[in-house]
Structure formats: C-alpha cells, structure tokens
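This report concerns only the one structure given below.
The values are calculated or read from the model by the stated rules, or taken from the named source; none is laboratory data. In this text, all values refer to a predicted model and were calculated from it rather than measured experimentally. Here Cβ is always computed from backbone atoms with ideal geometry, including for glycine, and neighbour counts include all displayed protein chains. In case anyone asks, the SASA skips ligands and DNA or RNA and just uses the protein heavy atoms, side chains included. Shrake-Rupley method; radii C 1.70, N 1.55, O 1.52, S 1.80 Å.
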Amino acid sequence: MIAVVTGVAGFIGSTLARELLERGYQVRGIDSISDYYDAALKYSNLEKLNHPNFEFVEGDLNSLDIQSLISDAIYIFHQAGQPGVRKSWGDDFGTYIEANIGATQRLLEACKVTPTVKKLVYASSSSVYGEAEGFPTTEYSATKPRSPYGVTKLAAEHLCSLYASNFGVPTVSLRYFTVYGPGQRPDMAFTRFVRAAVLDEEIVIYGDGEQIRDFTYVSDIVAANIMAAEGEQTPGTVYNVAGGSSVSVLEVLTMLREISGKALKVRHEQVVAGDVFRTGGATSKIQEELGWSPKISLRDGLDSHYQWAMASFKNLPLSGDSSTSARMNQVV
Ligand code: UGA
C-alpha cells in the first residue's frame, strides 16, 4: 500500500511518514525543501526516515509531474505548504499563493484523473476561523481568516471541497490547531520557548501573553490523519483536530517553569499582525465520525517537547555563533 506524503521533510510530514512506515505502508515522500527555515533541519528529518519502504522525491508540486507520482498511491497526505501566520504579509504573499493554493489545485487535478486514490487528506488550519465567533469553535462557524496565510489555507480547503463535489475526489480537510511536540518548526512558540529555557536565553512574548491557543500534540495529529484516510466520510468533509487544552501563552510558560525548574527570562514585544487572540476547537464531529480524540495532555506533551530540546540544544554554543544551526542539526 503506497501512501504519498507531501511536505515530508517538515515537522508534521516527517512525523506522519515515520508512523506510516511503522504501520507497514510504503511511503513516497515529496518535498521542495523550501527556504522558510534552515534546510539542514529538513534533511535531518529525512535522515530519520531511512527505511527500505521510503522513497524521497525532491521537487515543487507546482512543477512536478504529480500524476505519475500518485499513479499507484492509495492515500495522499498533503502536508506541504508555506507555513507561518505572521510572515504572510507583503511581498511574501506570492509564495503563499503558489505553495498553498496553486500546489493544492495541481494535486487535485491529478487526483481527479487517478481513481486509485482512495483519500486525499489536506492539512488545513485553525487560522481559517480568524477571531472565531464562539468557543469551542465548530466546523460550521464562520470562516474569517485574519492573516493572508489563513486566506490561502481556506482557499485550498475550498478547492478540496469543490473537487469533491464536482468530480468526486475523495478529499478530507483537517483543521489543525497549533501543533507542537519534538521536531516542531523552529519559528513556532514552543520550540522557541523550550530552546530558550535550555540555553538560558530570553523568551519573547508577543503582546501580554494572555492570548489563548488550543495546542495539539503531533502524535494526535498523525493519528487523525491516518484515521481520516482509512475511515469513511463524505468527500469534502472538514474536521477540527484540536488538543483540547485552550491555555494562554503565560500559562504555558508557568508550566515550562515547573518542568524545567528554571526561572525563565521573558521580554514582551508588540502583537504581530495576523495573530488571533484565541483559538479553541470543538472536536465532537471527528470524535463521532471517526472515533478520534486527543490522547496527549498539554503537560505531558510539553514535557516531551522540553526533553527533546534538552537533547537537541543543550550542547549548543551561545546564540550569535553562526555555526549554531549546523551544530543543532547534528544533535537533533
Ligand atoms: C500555528 C502555525 O504556525 C500555523 O502554521 C498554523 O496554521 C496555526 O498554528 C494554526 O493553528 O492554525 P500559531 O498559533 O501562531 O500558528 O503558533 P505559534 O507560533 O506556536 O504561536 C502561538 C502563540 O504564541 C501565538 O499567539 C504567538 O503570538 C505566540 N508567540 C509565538 C510568542 O508569544 N512568542 C514567540 O516567540 C512565538
């Protein structure tokens, strides 16, 4: 059974691919190795996928011959995309359009003429809700993204639903709520926080730290992907995938102080445009239809994330040393 994972060198894609290999799938991973963050981290993720049933294709979905890459696949896990809520303004927006909308449309066109594909699971985002109209936010709530990134994630989600309703492409979209855990992207809050804790560096909080997120552990996201692929649902279905925590950034730091035993150095900066104040997803739909529920509590998940940071960052030179990221990749 062949599963295609796009964005396989990223945090979620590589974690998902590892689990699929363990479950006996043959995995064809695709990644363009974009420059959003240090490519060495992505190659290090790929090294952990060294397995006889893993095949890697380096390339951009906007130019690859996708049809031939999916011709023998049963499931496609579309994790590729340009991430980052706070970076999607200005000239960068073109990259978000191409990577998030254009690439998804090409993938859907290929799926349209490949009937062997039983499921296309699209990695959507809680950012489609913007400042949500209520909590916990259900899939039927209004979608009003607050960042250009969210606009592109929502547009691609609409494309998935359109190809499902017009051509029967078996898509399912998973709206991920702030995913964390070992290997999380270096620009995201938890990796910044645990790294700073390990290295006794300053933590930067955007705004007063009262903003709330429904943080979701990566193994729960992986489980939701596999259940969505293997399960039955109407083509074009959308599910929230949320960890159920809904805590503020300040509460996260209190927990991190307890876990690390360190007094953290914290500095506040201005809120960044595009950031929403609160996310919190209702997960009754995916629970009822697929039997999914989050298994990892925030405390346990943050503990694992911190342990990973201890193993990855503790021998690093002080920040400012240009070899930092290279050394970091040797130990992650
Ligand atoms: C994350 C991902 O980056 C998006 O790709 C994803 O689509 C989104 O979750 C989602 O759930 O839809 P975000 O919630 O901003 O976006 O994730 P973090 O980078 O972990 O930030 C969480 C909170 O911490 C935000 O309020 C942010 O402002 C804050 N933060 C982040 C800081 O205070 N300091 C930092 O250094 C980083």
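Of the strands (runs of 3 or more DSSP E) contained entirely in the stretch 1-106, those carrying at least 1 residues that are among the β-branched types (Val, Ile, Thr), open to solvent by 20 Å² or more (accessible area, probe 1.4 Å) and at pLDDT 95 or above fall at 2-6, 54-58. Could you please let me know if Pro148 is open to solvent by 10 Å² or more (accessible area, probe 1.4 Å), modelled with pLDDT of 95 or more, within 21 Å of Leu61 (Cβ to Cβ) and within 14 Å of the ligand (Cβ to nearest atom)? Taking the combined requirement at face value, the residue satisfies it.
Can you find a residue that is open to solvent by 20 Å² or more (accessible area, probe 1.4 Å) and not in a helix (DSSP H, G or I) anywhere in the stretch 124-131? Checked against the condition, which is being open to solvent by 20 Å² or more (accessible area, probe 1.4 Å) and not in a helix (DSSP H, G or I), the stretch 124-131 yields at least one hit.
Reported count of residues in the stretch 229-249, each being within 15 Å of Ser126 (Cβ to Cβ), among the hydroxyl-bearing types (Ser, Thr, Tyr) and assigned to a loop (DSSP other than H, G, I, E, B), is 2. Looking across the stretch 167-191, the residues that are within 7 Å of the ligand (Cβ to nearest atom) and either surrounded by fewer than 18 Cβ atoms within 10 Å (Cβ to Cβ) or of a type in the set (Phe, Trp, Tyr) (or both) come down to Tyr176, Phe177, Tyr180, Asp187, Met188, Phe190.
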